[in-house]
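Notes follow the structure.
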Ligand SMILES: Nc1ncnc2c1ncn2[C@@H]1O[C@H](COP(=O)(O)OP(=O)(O)OP(=O)(O)O)[C@@H](O)[C@H]1O
C-alpha cells in the first residue's frame, strides 16, 4: 500500500458509472486525504456522478470505492454503509427540505437520520447553524428564507455531525459575494481536520479555498495538481483569449486543452 493510500480518506480505483449505456465516469482512479479539494470541469463532465457515489447515494457500475478503509461499492453491506454515513456530510446539488420545518427542526432531523447521540444533538445543531451565519434565523421556517439562506441551511445540515468527509456539490450557487467569502473561510477551517470535496463552476472558489484541484472532462481525470500548480500553468496573460481571465482561469483552460490534445493523439 502506498503512503498516499494509507493517509487517504477516499480511495477510488477504476470507478465506472454508467447511465444507460453511456459511461459518465470511465475507470477513474482518485485518492483524497484531509484538506479542501476542488472538483472542476465543464457541464456534464461527471462531477455530480462522482460525488453521488462518494456520498453512497448511487452505486458504481464498476470499480472499487473505499471510504475510511471500508468498501462502499455495490457489494458492500447495509451495515458498513450505515457506519460510513455517520461520518459523512453531503450537500446535494438539488437539496430537498421540508419547508414547514424550522431551521433548528430540519438540521436536528438530519442529525437524527445520521444516528447522532441524542444528547449531543441540540448543541451540535446550534453550532452548525451558527457556523453558517444563521443563528438569528434558527427558529424561522425554512420556507420563509431566501435562496442563499436555504443553501446555508443545506451546508449546516451537511456539517452537523462534524463529518470526516464533507461532500459539497455546487455549494456557492445562490450565495452572494459576501456569503461566498464567509463560506470559503468556513471550508478552509473544516479542511484543516476533515476531507472536504467541493464541486464548483467558480474557479475563484478553488483559488480562494482549495489546496488542490481535480479537473474532470467527459468522465476522465484531465488534471490533478495543487491550486498553485494550476495557477502557474496559466502563465502570463498573452491576450489570446481577450484581456480578462485571471491566472487560475487560464490554467484551467490550458489544462483542459492539453488533456483534449492528448486524447486526440491516442
Ligand atoms: N440519471 C441520469 N440519467 C441519464 N443520464 C444522466 C443521469 N445523470 C447524469 N447523467 C448524464 O451524465 C453525465 C454527467 O453528469 P453529471 O451531472 O455527473 O456532470 P457534472 O459534471 O456534475 O455537470 P454539471 O457541471 O452540469 O453539474 C451528463 O452527460 C449527464 O447528462
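Remark: relative contact order (the range 1-65) = 40 percent; criterion is Cα-Cα distance under 8 angstrom and separation of 6 or more residues.
For the range 28-79, the relative contact order is 18 percent, taking Cα pairs closer than 8 Å that sit 6 or more residues apart in sequence and dividing their mean separation by the residue count. Helix 103-113 and the longest principal axis of the C-alpha atoms of the chain enclose an angle of approximately 80°.
Rg and Dmax of the range 143-188, both derived from C-alpha coordinates alone, stand at 10.6, 31 Å.
Modelled this way, with points 7 Å down the Cα-to-C-beta line, the labels at residue 232 and residue 176 are 3.9 nm from one another. Per DSSP H run of n ≥ 4, the term is -39500 (n - 2.57); total these for the chain, divide by its residue number, and report the mean residue ellipticity at 222 nm rounded to 500 deg cm²/dmol. About -11500 deg cm²/dmol. Based on the Cβ-Cβ distance of residue 254 and residue 93, what FRET efficiency does E = 1/(1 + (r/R0)^6) give at R0 = 35 Å, to the nearest 0.05? Result of the calculation: an efficiency of 0.80. For the options 152, 188, 79, a Gaussian network treatment of the chain with springs between C-alpha atoms closer than 10 Å singles out 79 as fluctuating the most. Normalised by 2.2 N^0.38 Å, where N is the number of residues, the alpha-carbon radius of gyration of the range 1-107 equals 1.17. When the chain is treated as a GNM with alpha-carbon contacts under 10 Å, the residue of 49, 70, 80 showing the greatest mean-square fluctuation is 80. P(r) tail, the range 41-195: Cα-Cα pairs separated by more than 23 Å, 38% of all pairs. The Cα atoms of the chain cover 58, 46, 37 Å along the three principal axes, with the biggest extent listed first. Only Cα pairs under 8 Å and 6+ residues apart enter the sum, and on that basis the relative contact order of the chain stands at 22 percent.
The ellipsoid equivalent to the alpha-carbon distribution of the range 94-162 has semi-axes of 18, 12, 11 angstrom, derived from the gyration tensor eigenvalues as √(5λ) and listed largest first.
When the chain is treated as a Gaussian network with alpha carbon springs shorter than 10 Å, the biggest mean-square fluctuation among 36, 57, 72 belongs to 57.
We did not get these values from a lab; they are worked out from the coordinates using the rules stated. All values reported here derive from a predicted model rather than from experimental measurement. Neighbour counts are summed over all protein chains in view; Cβ atoms, including those assigned to glycine, are modelled from backbone coordinates with ideal geometry.
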